[in-house]
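Since the structure comes first, as structure tokens, the remarks are kept for the end.
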Amino acid sequence: MKHALTITVKALLDSGATGMFMDREMAKKHGFRITKLERLLKVRNVDRTENSRGNITHQVKVNVFYKNYVERMRIDMCNLGKVEVILGMSWLQAHNLEINWKTGEVKMMRCPPLCKRNLAVKKDIEQRKKIGKRIRNVEKTDRNKWE
């Protein structure tokens, strides 16, 4: 069984972007499983000109974790430069975030039902890990009694 890679990235919340994007070089560097798209997607700049860094030809599937939130999503890959991940308007509209612009705090209180289901799955996994730790501790204690 292959273990999942966990990395920490900073995502740019960009209401001017239409989708969700990950930097191609970052994805390759961390060994994400990259999937080729059936059709390429043209990338346009704010001024509607074609992006000089090329089109979107691949995507990745990732689990996104933020505080108590978890979501499985597909992210298109393109050359972003210094930005690692961009979460654009489609994602922002679906999640309807609460943002405190003074402190930078982001609350995910109005997520779509799918996210709430994923949150329940994450809580179940965490609960199982706690139970597993308790069982291992009991086994250690019992073993020490008999030695």
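Quick test for you: out of 17, 27, pick the one residue that is surrounded by 14 or more Cβ atoms within 10 Å (Cβ to Cβ), modelled with pLDDT of 90 or more and outside any strand (DSSP E or B).
On the way: 17 fails: modelled with pLDDT of 90 or more.
Among 17, 27, only 27 is surrounded by 14 or more Cβ atoms within 10 Å (Cβ to Cβ), modelled with pLDDT of 90 or more and outside any strand (DSSP E or B).
Residue 83 - would you say it is outside any helix (DSSP H, G or I), assigned by TED's automatic domain parsing to the domain that holds residue 10, modelled with pLDDT under 85 and under 17 Å from the mean Cα position of the chain (by Cα)? Spell out the reasoning first.
On the way: outside any helix (DSSP H, G or I): yes; assigned by TED's automatic domain parsing to the domain that holds residue 10: yes; modelled with pLDDT under 85: no; under 17 Å from the mean Cα position of the chain (by Cα): yes.
No: the conditions fail for residue 83.
Those residues that are over 22 Å from the mean Cα position of the chain (by Cα), loosely packed, with under 13 Cβ neighbours inside 10 Å and assigned to a loop (DSSP other than H, G, I, E, B), I need them from region 30-66; list them, please.
Selection gives 42, 45, 46, 47, 48, 49, 52, 53.
How about region 41-58: which of its residues are among the hydrophobic types (A, V, I, L, M, F, W, C) and more than 14 Å from residue 79 (Cα to Cα)? Before the answer, list the steps.
Restricting attention to region 41-58, the residues satisfying the condition of being among the hydrophobic types (A, V, I, L, M, F, W, C) are 41, 43, 46, 56.
Across region 41-58, the qualifying residue is only 46.
The values are calculated or read from the model by the stated rules, or taken from the named source; none is laboratory data. In this text, all values refer to a predicted model and were calculated from it rather than measured experimentally. We place every Cβ from the backbone using ideal geometry, glycine too, and count neighbours over all the protein chains shown.
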